[in-house]
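One structure is given here, and the rest of the page talks about it.
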Amino acid sequence: MKERLLYIDVLRGIAILIVIYSHILLFCVGYSETSALTNFLRLYFLNGFFFISGFMAYKTFTPNLLEMLKNLWKKIATLLIPTLITGGLYSAYVHENPFYFLADSAKCGYWFTIALCIMMSIYTIEDFLLKKIKNRYLQSAIIFFVAGLIYSCHKTGMVSTAWADYLLLGGTSYYFPMFTIGVLCKKHIELFHKYLDIPLVKTSIFLIAMFGALIGHIPLLITSITVVISTYFIIKDILNNYPEINEFQHLPPP
């Protein structure tokens with residue numbers, strides 16, 4: 001039997017539903033106008049996905065070199081290779097040139113899994129190297145610093161170059177901080193939940209999210225982080241208020 005965090009599954013489900021809603025609105029209905037509600041929802045779904053991916057990527061055990069290489073290959077085999085094959089075939093069928101897929105900054109819509117594979121690979125290497133440091137907070141500081149360096153690439157002209165499109169530097173650098181925050185929240189989950197249990201902290205995060213999403217004047221990255229964290233503690237609190245729903249759900253292994 002496998003243990004799963006129910007609130008993480010719910011958060012993932014919410015993100016999936018918002019993706020469906022947003023894509024139907026944009027690509028099926030062709031509705032180009034937006035609204036405050038739609039903007040708020042879109043602040044969550046991609047940021048939420050990458051946060052959850054980072055949250056679930058963290059493991060407490062220390063991998064050896066062989067395990068690290070196996071983990072890297074697993075990410076490549078399950079995320080990168082199928083995406084490249086599918087995207088290449090689609091590109092060849094539609095554009096008669098399979099290399100169009102590689103040159104496209106959005107990878108014909110398949111950029112998400114490639115960016116996730118890159119993020120997972122970066123973190124797998126980070127985790128292997130930093131587990132040699134005994135101080136967990138120093139580990140986290142280095143992980144956060146690396147995320148800041150990668151995010152800084154998004155603020156430069158590098159993301160608009162052709163080679164950056166091939167390497168998907170734009171999407172990866174922009175969302176890597178959310179992935180990293182997910183890792184750090186899981187790594188220090190007891191401390192994370194301790195502060196989220198403080199009413200003033202919850203209220204502050206929620207107000208920043210609402211103000212930034214609906215009014216603006218707050219950096220988009222800060223707004224995105226507070227929207228994701230607000231959704232996290234709202235869903236977690238709702239589930240915890242029902243004693244018949246256990247936080248850990250026992251599900252059969254896949």
Exercise for the section: Looking at (1) under 26 Å from ASN135 (Cβ atoms); (2) hydrophobic (A, V, I, L, M, F, W, C); (3) at pLDDT 90 or above, find the lone condition where LEU65 falls short. Expected result: (3)
Handout entry: Residue in region 71-87 that is in contact with a helix residue (DSSP H, G or I) (Cβ under 7 Å, 6 or more places away or on another chain), of a type in the set (Gly, Ala, Ser) and closer than 24 Å to VAL10 by Cα present
Key = no
Practice task
Mind listing just one residue for me: the one in region 171-222 that is closer than 21 Å to PHE144 by Cβ and assigned to a loop (DSSP other than H, G, I, E, B) and, of those, most open to solvent (accessible area, probe 1.4 Å)?
Solution key: PRO219
Exercise for the section: Assess whether CYS108 counts as being assigned to a helix (DSSP H, G or I), at positive phi and surrounded by 14 or more Cβ atoms within 10 Å (Cβ to Cβ). Expected result: yes
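Go through region 121-140 and give me each residue that's among the hydrophobic types (A, V, I, L, M, F, W, C) and either without any contact (Cβ under 8 Å) to a residue 24 or more places away in the chain or open to solvent by less than 30 Å² (accessible area, probe 1.4 Å) (or both). Steps first, please.
At the first step, the residues of region 121-140 found to be among the hydrophobic types (A, V, I, L, M, F, W, C) are 122, 125, 128-130, 133, 138.
Result: LEU129, LEU130, ILE133, LEU138.
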Handout entry: Restricting region 144-179 to residues that are free of Cβ contacts under 8 Å to residues at least 40 places away in the same chain and among the hydroxyl-bearing types (Ser, Thr, Tyr), the residue that is nearest to ILE125 (Cα to Cα)
Key = SER173
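Any residue at all in region 19-32 that's in contact with a Phe, Trp or Tyr (Cβ under 8 Å, 6 or more places away or on another chain), among the aromatic types (Phe, Trp, Tyr) and at pLDDT 80 or above?
We begin by selecting, within region 19-32, every residue in contact with a Phe, Trp or Tyr (Cβ under 8 Å, 6 or more places away or on another chain); these are 19, 22, 25.
Narrowing further to those that are among the aromatic types (Phe, Trp, Tyr): none.
No, region 19-32 contains no residue that is in contact with a Phe, Trp or Tyr (Cβ under 8 Å, 6 or more places away or on another chain), among the aromatic types (Phe, Trp, Tyr) and at pLDDT 80 or above.
The values are calculated or read from the model by the stated rules, or taken from the named source; none is laboratory data. As the structure is a computational prediction, the values presented were derived from the model and not from experiment. Quick reminder, even Gly has a Cβ in these numbers, built from the backbone with ideal geometry, and neighbours come from all protein chains shown. We work out accessible area using only protein heavy atoms, side chains counted, and drop any ligands, DNA or RNA first. Shrake-Rupley method; radii C 1.70, N 1.55, O 1.52, S 1.80 Å.
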